[in-house]
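**Student:** Handing you this structure, nothing more for now.
The values are calculated or read from the model by the stated rules, or taken from the named source; none is laboratory data. The structure displayed is predicted, hence computed values, not measured ones. Backbone-built Cβ (ideal geometry, glycine too); neighbour counts: all protein chains shown.
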Amino acid sequence: MKIFNKDENTDYKEDTQTGAENSEVQNSGSSTEEANEARGNPEEVSASSEAEKNPEALCQEENQILKDQLFRLAADFDNFRKRTARQMEENRKAVLEQVLLDFLEVTDNFDRAVKSAKTAEDMNSIVNGIEQLSRQFFSILEKYGLEKIKSEKASEFDPHKHEAIQHVETSEVPDNTILEVYKPGYALNSKVIRPAMVSVARNPNETEK
């Protein structure tokens with residue numbers, strides 16, 4: 001028959017519990033380490049997954065990305081083109097509206113001049129009224145950049161500004177001289193939009209040389 005000492009039994013239980021706790025701590029530490037190792041570095045996991053992809057799959061993925069970018073650029077360009085065309089049309093309408101408003105003033109003066117001419121007894125007043133209308137009309141044209149090309153008789157013919165509709169053989173003036181101006185020419189912002197219609201002298205002596 002064995003007799004156990006109460007104190008010895010208590011010490012034995014405490015040693016047993018301490019050993020169990022240490023074992024649990026060790027197991028818990030090892031489990032944490034294994035979990036950390038399992039999770040690992042996200043970059044390493046991503047790199048490994050990329051490495052595992054098939055090269056053909058990578059090419060298809062890159063191709064799809066480039067296609068999406070191309071479609072977005074094409075859509076942006078198409079929107080920009082439509083927006084620019086719409087803005088240009090709005091600007092054209094605005095300029096045309098302003099031009100017409102300016103010429104409406106001339107139209108009003110024409111109407112008044114016609115009414116006055118019907119009852120006027122002095123022809124000089126009618127002529128003066130027409131001259132004023134002509135100056136007003138051309139001042140509006142000059143406002144928008146139109147200018148009359150200088151084409152005077154006895155001046156030199158310039159093929160960039162004049163159009164010879166007739167050549168006249170004469171020795172009275174130098175060759176290539178303007179003899180008559182049939183229709184004035186005009187330039188818009190320094191660009192000739194209609195050359196002056198003129199007749200030009202042709203000196204027979206100069207032609208023979």
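**Student:** Only one of (1) touching a Gly at 6+ places or on another chain (Cβ under 8 Å); (2) surrounded by fewer than 14 Cβ atoms within 10 Å (Cβ to Cβ) is not met by SER151, so which one is it?
**Tutor:** (2)
**Student:** Name the residue, out of GLU105, GLU156, GLU62, that is assigned by TED's automatic domain parsing to the domain that holds LEU188, at pLDDT below 95 and at negative phi.
**Tutor:** On the way: GLU105 fails: assigned by TED's automatic domain parsing to the domain that holds LEU188; GLU62 fails: assigned by TED's automatic domain parsing to the domain that holds LEU188.
Only one candidate passes the filter, namely GLU156.
**Student:** Say whether the condition of being touching a residue at least 40 places away in the same chain (Cβ under 8 Å) and either under 28 Å from ILE140 (Cβ atoms) or not in a strand (DSSP E or B) (or both) is met by at least one residue in region 154-168. Break it down stepwise before answering.
**Tutor:** We begin by selecting, within region 154-168, every residue touching a residue at least 40 places away in the same chain (Cβ under 8 Å); these are 157.
After this cut, where a residue has to be either under 28 Å from ILE140 (Cβ atoms) or not in a strand (DSSP E or B) (or both) as well, the list is 157.
There is at least one residue in region 154-168 that is touching a residue at least 40 places away in the same chain (Cβ under 8 Å) and either under 28 Å from ILE140 (Cβ atoms) or not in a strand (DSSP E or B) (or both).
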